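Read the figures in this text as sums done on the coordinates, not as results from a lab. No experiment lies behind these values; they were computed from the predicted model shown. Note that we place each Cβ from the backbone using ideal geometry, even for glycine, and neighbour counts take in every protein chain shown.
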Amino acid sequence: GGLEEQVTTAILHAAFIPFGPIKDVDIPMDHQTQAHRGFGFVTFEETEDAAEAMDNMHNAELYGKVLRCNYAQPRAIKGGNQGWSMQPVWADADKYKEDVEEAKK
């Protein structure tokens, strides 16, 4: 996090490549403004390389802004009335079926 507007995937790749082979670099875009959202994902081939990159790049400066580096968390999905859930949508399929049948009564 904390990416300056000028930072591209190529710049982010170049900043992190010293720590080891990189699988992928992604900077999510805001579809309305066509600008990136201020954060990106760097996926390393080795976990140890990712840990070293985080140790060295967290609070480092890139294009005048301080970077925040951490492990990405799995995406949460909306879990109906329970709010956000880490469970897959089909985990509540039986409960959903019961609720539908109950509503029909």
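Observations
- Residue count, segment 18-62 (criterion: of a type in the set (Gly, Ala, Ser), out of contact with any helix residue (DSSP H, G or I) (no Cβ under 7 Å at 6 or more places or on another chain) and either free of Cβ contacts under 8 Å to residues at least 24 places away in the same chain or surrounded by 12 or more Cβ atoms within 10 Å (Cβ to Cβ) (or both)): 4
- Residue tally, condition on the phi < 0 side of the Ramachandran plot and touching a strand residue (DSSP E or B) at 6+ places or on another chain (Cβ under 8 Å), over segment 12-48: 24
- Glu5 being exposed (fewer than 15 other Cβ atoms within 10 Å of the Cβ), part of a helix (DSSP H, G or I) and not β-branched (Val, Ile, Thr): no
- Condition broken by Lys65, with the remaining ones in (1) under 18 Å from the mean Cα position of the chain (by Cα); (2) in contact (Cβ under 8 Å) with a residue 40 or more places away in the chain satisfied: (1)
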